[in-house]
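Take a look at the structure set out below.
Taken together, the values in this text are just the output of simple stated rules run on the coordinates, not laboratory data. Not measured: the values here are computed from a predicted model. Positions of Cβ are backbone-derived with ideal geometry, glycine not excepted, and every protein chain shown enters the neighbour counts.
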Amino acid sequence: MHKPTNTTHSPSLKKRMEQEIDVIASHCYQCGKCTAGCPLNEDMDIMPNQILRMLQLELPGYEDKLLSSLSIWLCLACDTCYSRCPQEVKLSQVMDFLRQESVRQNKVNPKAKDILKFHQAFLETIEKNGKLNEVWLTLNYKLKTLNLLQDINKAPSMFFKGKLNPIPDRVHNVKEIEKIFNKVRENEGGTKCK
Amino acid sequence: MPDFEPKIVAFVCNWCTYAGADLAGTSRTKYAPNVRIVRFPCTGRIDFMLLMKAFENGADGVIISGCHPNDCHYTSGNFHARRRWITFRSLLDFIGFDIDRITFSWVSAAEGRKWAELVDEVTNTIRAKGPFTEISTLDSSKLKQLFYDEITK
Amino acid sequence: MQIGFYPGCSLEGSSKEYSQSLLAVAEKCGVTLEEIKDWSCCGASAAHSLNHDLSIALPARTLALAENQGMTEVVIPCAACYGRMAASQKAMLEDASVLKKTQGFIDMKFLGNVQLLTVFEFLQKYIFPVADQYIVNKLNQKTACYYGCLLARPKELTKLERPENPMEMEAVMEKAGATPIDWAFKTECCGAGFSMSRTDIVAKLSGRILEDAADRGAESIIVACPMCQSNLDLRRPEIKKQLKKDINIPVLFITQALGLSMGIPAKDLGLENHFVSTGKAVSCIVKKEA
Amino acid sequence: MARIGVFICHCGENISATVDVEKVAQEAAKLSGVAFAIDYKYMCSDPGQTQIIEAIKEHKLTGIVVGACSPRMHEATFRKAAEKGGINPYLCEMANLREQVSWVHARSEATTAKAIDIVRMMVQKVKQDSKLFPIKVPVIKTALVIGGGIAGIQAALDIANAGHKVIMVEKAPSIGGHMSQLSETFPTLDCSQCILTPRMVEVAQHPNITLHTFAEVESVSGYVGNFDVQVRLKAKSVDMKLCTGCGSCWQKCPNKKIPDEFNAGLSFRTAIYTPFPQAVPNKPVIDRANCSWFQKGKCGVCKKVCPVGAINYEMEDEIIDIKVGAIVTATGFDIKHTDFFPEYGYGEFKDVIDGLQFERLASASGPTNGEIRRPSDGKIPEKIVFVACAGSRDKAKGIEYCSKICCMYTAKHAMMYKHKNHDGEAYVFYMDVRSAGKNYDEFVRRAVEEDDVQYIRGRVSRIYEKNGKLIVKGVDTLMNAEPIEIEADMVVLATAVVANQDAESVAQKMHISYDKHHFFAEAHPKLRPVETNTAGIMLAGACQTAKDIPDAVSQASAAASKVMGLFSSDEMTREPVVAVVNRMMPPQFTTCTGCLLCMEVCPYHAIEREEILDRRTGEILKVAARVNAGLCQGCGTCVAFCRNKSIDLQGYTNQQMLSEVIALLNKPF
């Protein structure tokens, strides 16, 4: 049984979100249309509308529940919710924000580790090559997740169909890309987008 | 000067602020006696040259007050007044007039207390500013200079 | 005339037949596409999931390059790349602080004067006017035009007329002599970025899509997004497990279908690179009666 | 030379306790133009007033200033006294020495000084006062009612029964409006037509009511009590006098495939038609846009078969001029149609219908004779999903407001369906159930408890069709946001209530204001809910905002009573505080330059453009503004805007306001 507290540690998760992205939690009136249309609603542990509800109420413990939820990682940013939301709440931006927050506070849900690792592998590959090379990505990802055998059956055929080219095609001056990554990292935390 | 008592003229509308001032009376709310109320049907009626006339004749401060937005007895008069004030204020500001001597406010027929507070507040500000002499002592050469400086800066 | 071209990573790898066929069609119609020199990855879903700034900076670099190379229009066939590029451009144009910050990251000026074209816009603007003289075949089959998410949403980026029930792809297919079917999963999500990390989800979502297309008698599915293509094509085994039945409808890129109608040989369109044989789709084709 | 009398009131102790009233009187006496000044305990008392009257006579006063309470208190009293004394009542001014002096300040020099200033100010003003006379406007005791829905009908009958003439204008071929389309009405479930049609007949037969159907208001000019209205009588192509309504024409008409508006497009009608069996008048009109005779120039069947030769293809629109004293606007509403909802099927699924269509399906006089059947294949649906708030409370779709009636009629729909199909299933997706009103919530509870309609709290995201079923993807936000998919046979969208398509143009013709959704604006949201800010034009029914029948009817009666009030005397008296444009002989000597800025800012459309013509040649000498005293409410906005002071406000002239200010300040405080 939750009791609303007026002692909200400042600035609260909601406040931080509303500063960083173009979403006001109170705009949501909990009609549930987002959840109804979400292609992944069956797999989510916290439903999209409930995520906004928790942001609205901010009862003790909600922040942890949100940041360690699986839902925020399952969201595919397909924007079905936003495109039908009567109150025009940009839910996919909320998800992005929560994902980044959950990494920052490292509260990533264990079930979401693979997803996170994939994203990380992806970015690392880009940082190295400037472009994505699927072979590298796959290897990198498999090393991270250690499920080496997944899709092994596909590799040969893919190769012969010319869908895989093991020789990475790189951006000429990869240094540029690295620089971008570094600069962004230095700037970390100061993200704003409206 | 310690014993300076400012003269303040209030241009108010009949339906909101004048009634609000009456309410201050019926509820015996005390406020500074420095203010003199001129009653208009609506702030939309107020010709802002009258403000200048007031200063020219020795007023130290002026209050304009009418109905809150969307409460105007004549639906839109107070909006016209506000717009005219915004333009007029920038003109005054441009010619170097101390626009803090003019207070634009909204006092409804239910806000007797607000009226009293408004009057006291304005009286104190103006008392602090001291008497207004710019216009009565203004000569045209000084006015020309004012414009010249403004344009050439 | 010359138009800028941003293939994106997938079109150099798993979906190279997409760019292959696009270029083939363009060439046929005498339209030259000039690849942006030294372009880099758009960051895809990984970037916007993990780092907002990065998700704007990465596309920004390529956009700036395009500007420097004097391009005024860039066609981005990959739906995902288009989405990221357009989002980044929008963010920078709408908020000066974002622009300033991003320019700092990429160390280049960004003016925002390059117009980004979806594959539909490109076809409508440059191919449609001349297409009829080159179309020699009638695809002569029921096709399910599949848009997925990124071609349809968010509406302010994709510029479709009816995001809930788009018709742009159907228009192309009708030109190519196919009969687009009316179906329910046009704009449902296929599982997109989970193709490796959560194959189970991909199988479920893509499964529903295939099933509906099959139930309504589609003989081919037309897509314009590498992720949709690989999920619907590559993940058939998983989908089969999920649905407990085998569906062997081929999944073609819109440009491949168009290419076929223009009589471009199957191999020049990379049609044999698919897992599900495209033979069935090709076999329906008949000469167009003059 | 002015001879002003000044009368200072003690108001018992109320004023004299803090203001030195004797001093005020003495100071007043010194003012130039003041012939007489006195202070007295109770000026408002009989002896007080008598003093004033005597003084005016004795000292031949030309004006008086009463220093007492607020003019809002006793201005009327003292103006009467002045009149009794033999001077124009508008030559009496009040100095507010109580509410704005004695009650708000302590006894002091400054307080008395303020009192003196105010008296001096009012003395200056009264010197500038001129005789004013209340404006008398004759009232034409005929009312125009626009719209023949239930609101219009109610208003018309009320006014007519009060013994006044009423002219009703209805754009459709029959009166009855949306109510005539309804099956049963909440919360009593009595048949709509059973209670409506008698009223319709009453309107048609009432000696005081003239009914123009198939007609529209063309223009409105004039002002309260004296409106000039042009009405366009659209050509019916049928001579109403000859026609007996036998119906042989529409039975024979070959154009049979025209979507029937009355049945909300669920059936077809002919080109010559009466909208529905109980139509009033029950005589057909020709819908020329769909008639082969008018489109292709051949056919003419109706003319051949008409036994009385009433068909007249040559008939033309006719414009009639009418004069009325008041107008009741009851132009009603419309609903959003299903094609407004892409995610719900883009109006492409036959079995996704709107509320009005369901009413027709459920109505005994409807296309299915009251059996609820799917439009697509005529099957009786086993599962119906009702979607509330379809379009309402939806910022993204541009409609933020609540449509108010949907919660109730959705409950009604679900109930009626269950009554007709006991083992059918009815689901209602809702966000909130808003059922405030007499016996309303009980009604909704009945739907849930007795007819076990399933209420599910959550919005529907998408509806698509699969193997003849409509898949409704919803959610139950009360059940841990559990996603729900229902395979329905039919879906009813409670689509948003919106203003009529032509609402904006109607409002502009009438010079009444409207909100951004084109609903007409009332003069005051609480205290003048049935009047518009154009005097003499009232509102009734859903043209103001979404309303159910009882609300529409009560507003109609309220509007009617406003009209009767207006008609209760032969002429209206209005305060003479109105704007005037200065004029002298010859007329072109007015200083008005005809910039007409005043016309733009006047909130009452009281200022007109006037062309001053040369008497002989008739050429335009000058364009000037003219104030319509009937419409002017005396706000004075025009005066402040006038660039060269050509327009002025009686009672608050520029001259007066200026002298007030100067008088205030030219003595030290």
**Q.** Calculated FRET efficiency for the pair residue D:106/residue B:100, C-beta based, R₀ 22 Å, to 0.05
**A.** 0.20
(Q) To the nearest 20 Debye, how big is the dipole of the protein assembly as shown about its Cα centre, given +1 on the beta carbon of each Lys and Arg and -1 on that of each Asp and Glu? (A) 520 debye
Q. Taking Cα centroids, how far is region B:69-113 from region C:55-121 in Å?
A. 47 Å
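Per DSSP helix of 4 or more residues, -39500 (n - 2.57); summed, then divided by the residues of chain B. What does that give at 222 nm, rounded to the nearest 500? Mind showing how you got there, number by number?
Values: 5 runs with 67 residues, N = 153.
Calculated from helices alone, the mean residue ellipticity at 222 nm is -14000 deg cm²/dmol.
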Q: Using only Cα atoms, find the angle between the long axis of helix C:16-28 and the longest principal axis of chain C, and express it within 0 to 90 degrees, rounded to the nearest 10.
A: 90 degrees
Q. Can you list the lysines whose alpha carbon is less than 19 Å from that of residue D:412, not counting same-chain residues fewer than 8 positions off?
A. D:383, D:404, D:420, D:438, D:547
Q) What are the DSSP H helices in chain D that stretch 18 Å or more along their long axis, judged by alpha-carbon atoms, and whose average Kyte-Doolittle hydropathy comes to at least 0.5? A) D:549-567
**Q.** Sites residue C:125 and residue C:100, calculated FRET efficiency, Cβ-Cβ separation with R0 45 Å, nearest 0.05
**A.** 0.85
Q: Work out from phi, with θ = phi - 60° and the Karplus expression 6.51 cos²θ - 1.76 cosθ + 1.60, the ³J(HN,Hα) of each residue of region C:261-270, listed in order in whole Hz, and give x for Gly and Pro.
A: 5, 8, x, 6, x, 3, 6, 5, 9, x
Q: Any chance you could give the angle, 0 to 90 degrees and rounded to 10, that helix C:199-215 forms with the longest Cα principal axis of chain C?
A: 50 degrees
**Q.** Where trypsin sites (Lys or Arg not before Pro) fall in DSSP loop in region C:79-173, at most 15 other Cβ within 10 Å
**A.** C:109, C:159
Q. Say the dipole of region D:410-514 comes from +1 at the beta carbon of Lys and Arg and -1 at that of Asp and Glu; which of D:511, D:467, D:496 then lies farthest toward its positive end?
A. D:511
Q: Taking all pairs of distinct Cα atoms, average 1/r, flip it, and tell me the Kirkwood hydrodynamic radius of chain D in Å to one decimal place.
A: 29.8 Å
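Counting helices only, and only those DSSP H runs with n ≥ 4, report the 222 nm mean residue ellipticity of chain D as the sum of -39,500 (n - 2.57) divided by its residues, in deg cm²/dmol to the nearest 500.
Computed ellipticity for chain D at 222 nm equals -8000 deg cm²/dmol.
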Q: Return the single residue from C:131, C:203, C:96 with maximal mean-square fluctuation; model: Gaussian network over chain C, springs between Cα atoms under 10 Å.
A: C:96
Q. Dividing the Cα convex hull volume of the protein assembly as shown by residue count, how many Å³ per residue is that?
A. 265 Å³
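Mind putting a number on the dipole of chain D about its Cα centre? Charges go on the C-beta only, +1 for Lys and Arg and -1 for Asp and Glu, and I need it in Debye to the nearest 20.
1480 debye
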**Q.** Of D:53, D:37, D:19, farthest towards positive along the dipole that unit charges on Lys, Arg, Asp, Glu beta carbons give region D:1-151
**A.** D:53
Q | Amide hydrogen neighbours beyond the local backbone of residue D:184, cut-off 5 Å, H modeled | A | D:192
Q: For a footprinting-style exposure proxy, rank D:429, B:147 by other Cβ within 10 Å, fewest first.
A: B:147, D:429
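Taking 20 Å as the cut-off for C-alpha to C-alpha distance, list the pairs among D:234/D:257; C:16/C:241; D:257/D:350; C:100/C:155 that go past it.
Over 20 Å apart, Cα to Cα: D:234/D:257; C:16/C:241; C:100/C:155.
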Q | Three-way shape call for region D:248-305 based on the alpha-carbon gyration tensor, with the a/c threshold at 1.5 | A | oblate
**Q.** Amide hydrogen neighbours beyond the local backbone of residue D:210, cut-off 5 Å, H modeled
**A.** D:166, D:167, D:168
Q: Identify, among B:123, B:63, C:83, the residue whose Cα sits farthest towards the positive end of the charge dipole of the protein assembly as shown, taking +1 on the Cβ of Lys and Arg and -1 on the Cβ of Asp and Glu, with the dipole about the Cα centre.
A: C:83
Q) With respect to the cross-link table entries D:30/D:57; C:138/D:466; A:107/C:244; A:33/C:186; C:159/D:336, which display a Cα-Cα separation exceeding 27 Å? A) C:138/D:466; A:107/C:244
Q) When the Cα centres of region D:1-52 and region C:1-29 are compared, how far apart do they sit, in Å? A) 98 Å
(Q) With angles folded into 0 to 90 degrees, how steeply does helix B:112-129 sit against the dominant principal axis of chain B? Use alpha carbons for both and round to 10. (A) 20 degrees
Q: Give me the aspartates and glutamates in straight-line cross-link reach of residue A:144: C-alpha distance below 13 Å, same-chain residues under 8 apart excluded.
A: A:114, A:124
Q) What base-10 log of the normalised intensity I(q)/I(0) is obtained for chain B from the Debye formula, alpha carbons as equal point scatterers, at q = 0.08, 0.18, 0.21 Å⁻¹? A) -0.24, -1.07, -1.32
**Q.** For residue D:578, distant residues with modelled amide H under 5 Å away
**A.** D:650
(Q) So if I place +1 on the C-beta of Lys and Arg and -1 on the C-beta of Asp and Glu, and nothing else carries charge, what would the dipole magnitude of region C:1-80 be about its Cα centre? I want it in debye, nearest 20. (A) 100 debye
**Q.** Shape call, region A:51-138: gyration tensor on alpha carbons, a/c limit 1.5
**A.** oblate
Q.
What do you get for chymotrypsin sites (Phe, Trp or Tyr not before Pro) in region D:30-86 restricted to DSSP loop and a cutoff of at most 15 other Cβ within 10 Å of the site's Cβ?
A. D:42
